[in-house]
1. Name the residue, out of A:290, A:303, that is without any contact (Cβ under 8 Å) to a residue 40 or more places away in the chain and not assigned by TED's automatic domain parsing to the domain that holds residue A:207.
2. Answer with yes or no whether residue A:66 is farther than 28 Å from residue A:228 by Cα and surrounded by fewer than 18 Cβ atoms within 10 Å (Cβ to Cβ).
3. Any idea which of (1) more than 20 Å from residue B:189 (Cβ to Cβ); (2) surrounded by 15 or more Cβ atoms within 10 Å (Cβ to Cβ); (3) within 14 Å of chain A (Cβ to nearest Cβ) is the one residue B:46 doesn't satisfy?
4. What are the pairs with Cβ atoms under 9 angstrom where one residue, in segment A:352-375, is under 22 Å from residue A:223 (Cα atoms) and the other, located anywhere, is of a type in the set (Gly, Ala, Ser) and part of a strand (DSSP E or B)? Sequence gap at least six, or different chains.
5. Give me the residue from segment B:49-75 that is touching a helix residue (DSSP H, G or I) at 6+ places or on another chain (Cβ under 7 Å) and of a type outside the set (Phe, Trp, Tyr) and, out of that set, surrounded by the fewest Cβ atoms within 10 Å (Cβ to Cβ).
6. Could you list, in sequence order, the residues of segment A:465-499 that are under 16 Å from residue A:575 (Cβ atoms) and among the hydrophobic types (A, V, I, L, M, F, W, C)?
7. Got a number for residues in segment A:313-339 being within 24 Å of residue A:401 (Cβ to Cβ) and open to solvent by less than 70 Å² (accessible area, probe 1.4 Å)?
8. Of the conditions (1) modelled with pLDDT under 90; (2) within 17 Å of the chain's Cα centre (by Cα); (3) buried (at least 20 other Cβ atoms within 10 Å of the Cβ), residue A:383 fails just one. Which one is it?
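The values are calculated or read from the model by the stated rules, or taken from the named source; none is laboratory data. Predicted model only: the values in this text are computed from it and were never measured. Heads up, the Cβs are rebuilt from the backbone with ideal geometry, glycines too, and the neighbour counts pull from every protein chain shown. Heads up: the accessible areas ignore ligands, DNA and RNA and are worked out on the full protein's heavy atoms, side chains in. Shrake-Rupley method; radii C 1.70, N 1.55, O 1.52, S 1.80 Å.
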Amino acid sequence: MATSNGGADEYRSIPALLHRNATRFADKPAYREKEFGIWQTWTWSQVETEIEALALGLLNLGVNKGDFVAIIGRNRPYLYWSMVAAQSVGAIPVPLYQDAVAEEMAYVLGHCGARFVIVSDQEQVDKVIEVQDQLHQFEHMIYLDARGLRKYDHSRLHQYSHVQDQGRAAREEYIEELKRRRESLDYDDTCVVLYTSGTTGKPKGVVLSNRNIVEAARSSSEFDHLTAGEEVLAYLPMAWVGDFIFSIGQGYWTGFCVNCPESAETMMTDLREIGPSYFFAPPRVFEGLLTTVMIRMEDATPLKKRMFDTFMAHAKRVGPDILDGKPVSFGDRLKYRLGELLVYGPLKNTLGFSKVRVGYTAGEAIGPEIFDFYRSLGINLKQLYGQTEASVFITVQPDGEVRADTVGVPAPGVEIRIGDNGEVFYRSPSAFVEYYKNPESTADTKDAEGWVATGDAGFFEEDTGHLRIIDRAKDVSKLSTGAMFAPKYVENKLKFFPAILEAVLFGAGRDHCVAFINIDLNAVGSWAERNNVSYASYQELAGHPKVLDQIQSHVEEVNRSVAEDPMLSGCQIHRFLVLHKELDADDGELTRTRKVRRKIIGEKFDDLVEALYGGQSSIYTETAVTYEDGRQGKIKATLEIRDARVVPVQTQPLAAE
Amino acid sequence: MLDATEGYTTADGRKIGGVVMDMRNITLRFGGVEAIKDISFDIREGEIRAIIGPNGAGKSSMLNVISGFYVPQEGEVWFRGEKRPQMKPYQVAQQGIARTFQNIALFEGMSVLDNVMTGRLTQMKAPLWAQAIWKGKAEREEVENREICEKVIDFLEIQSIRKTPVARLPYGLKKRVELARALASEPKLLLLDEPMAGMNVEEKEDMSRFILDVNDEFGTTIALIEHDMGVVMDLSDRVVVMDYGKKIGDGTPDEVRANQDVIDAYLGVSHD
């Protein structure tokens, strides 16, 4: 497919794109990282030199074609270069989640058989050393930050800069080999293996070829007219497919600049300083920001608060239409301009969104209020639907057709069909090759014709052609009455309330639904402060009668809204309780990407579930917890169980389609 | 007893050098109260030296003698092979001795960065008027000093609070900022007065790691006072034990732990 950007067939790998960029955009910034309080910049030609030095160093260490090189650390230019350096020598980069505990790492490192590991600092070095006895193929580790590592045994441990130095010194010896390996890379070679966090079972290694990544980057860049002038902030985990596509795929395809924050905690300040033009965040980041804004506006002076309320109401009315280019009266436009000057502009500046041209959110459903808030400010926030296996893109929202409740139309080059059970299937050049060393799962997910099962249930809206996702296909089940049970659909509605952080719905095989609810300590804590509700702990706040009243009103509101949809009206919540602890990935209750593990929660708190169905009004419970430093402890609590009003409906059995 | 110039090797394989600071027969009186009674001990290059003892044993007074805040009535302080004349605390600081305080002594209204920058004060040579107009040498100096401070900020992982006023910080972070200010002066000898007091377990772990890293990374000699015995025994190479102004023990953590006088001082003795 020929394009204005040069045919994709010319550039069949990331290293090939790197070479193109180093020629075409030689002096343009490719990477920035804030270090020692200053943004350090590398141009494309400097990046090519750095990557080449590292690649030569890797050859010097004995990296073979087809070896796996694991990469663990926060977003840093050096680690992005490691991935491309590994590709340059014919090895396969495997980025890992840096917050994973040692045993989780051991599984992935053992499964792919990584011979080399490149890590950021002592913390990661320690984790790998802890599990190295289980790893038969592991040979060498390269680290970036030497701090605290002076006394370590350096027979298998190397500093990143030393590896580069050795690479430079041995340039004569290895450069021909490097060129040979780099040039032999083709579309069918593996670009990267990404392990999915997996809501159930062991992580699976998704093999993505150069074709997958380059095609996905090309078509998505063209779809949103991304140029070499974009600025992005790389702050999402490197092991996540989204970051790989945005920071490497699209970054190398279009030649834009990837900015790395100083540390995870400084992300908001760095966001403001960079002012990205293309921005991606999961819904919880947008939710968190909105909550912060709202909390701070509560504390603002009356004049400021009135101004904010007035102009935000106006923005809500006309903002999205102005963004979509729909007709809006002159007066309204004028008032919006004034609002831009007084409220929207400064607010966007504070949030770091002044220059955002295209913003995406995905991963979870986003609350309509949250979505509309950003769009009304004039930020072109859109939704996409995707997964690791698809190299992200399955559906995207085109400009002008953006809505909170759909995920858009099929992305360029993607075909979609809906299975008999409502499951969404797709086929595209970006669809993954296989699950590494797991032919059974590959066969389960991808059929001979290339159709990939997403595991999500959804349907196309007839009039707009937009896809709507209801829930995970396997989570959609039936109540004992035969009515449809789509827990995620209801949970998402609950989570749109700022006071509710997480919700877990139960009901499969039962005659009605019940729910666990987690309060959002920030939002509820701030509410408590304003309403003179005193509390000493999370547990006490979560059990406060006034908080329960508030949650109850939210639950009842959700019940009313759920009842409007005849297909899902059986999912109304009859009884609920507010959990005494926050659901946590460390306790195995959430995945690392913060998705609820319903089954595990159901088993862990089976006494609570039984109490919800048993009609008791309170229950005493003890829960084991893991603290951040790894110690175990116990939380004891007596939880109040409440009944929520439900809207009576005629039970509609799910029609067998 | 060790020779003054000869070093030793610690259990974890670190090379410790010769004597840096030698306290000889120090006696300090406040009127009729003898806070320190004829104490001698040395601190060697590159070691972590702890001073422990029950409340009122005279530990902080000892640290104040080292930092030049108190002048002992009797005895001599030898620093780097020379007998130290009576000095003002700022002169001691210029010699390369920096400290933190038991009760945090930061400029509350100033940002973390500004507080850390004050640690460079003794190194600033440009005259006041030049600093006021911020030209030439003053500007160059400021850039150099800022670089050093930024490295310390990076080292102690306080980038995210760089511009935050100190008053807004929680206690544990304030302690870390104080350490940052002391480190900014690139000290040869770092004195820490109860660096972990009032901290929770996690903060203590962080602080211990920073102390070890400072020692490891910059080779800074560290003398610290601490109450938490677990921390002291884990961190330090040699320990001085004081009780009622007297030295009752001196040696490696294991030696001190086995010392009967120390056990008596800490656990009490029965008097029957």
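1. That would be A:303, the only listed residue that is without any contact (Cβ under 8 Å) to a residue 40 or more places away in the chain and not assigned by TED's automatic domain parsing to the domain that holds residue A:207.
2. Yes: the conditions hold for residue A:66.
3. Answer for residue B:46: the failing condition is (1).
4. A:353/A:359; A:362/A:386; A:363/A:386; A:374/A:359
5. Among residues in segment B:49-75 that are touching a helix residue (DSSP H, G or I) at 6+ places or on another chain (Cβ under 7 Å) and of a type outside the set (Phe, Trp, Tyr), the one surrounded by the fewest Cβ atoms within 10 Å (Cβ to Cβ) is B:54.
6. Across segment A:465-499, the qualifying residues are A:479, A:485, A:490, A:494.
7. Residues meeting the conditions: 14.
8. If we test residue A:383 against (1) modelled with pLDDT under 90; (2) within 17 Å of the chain's Cα centre (by Cα); (3) buried (at least 20 other Cβ atoms within 10 Å of the Cβ), just (1) comes out false.
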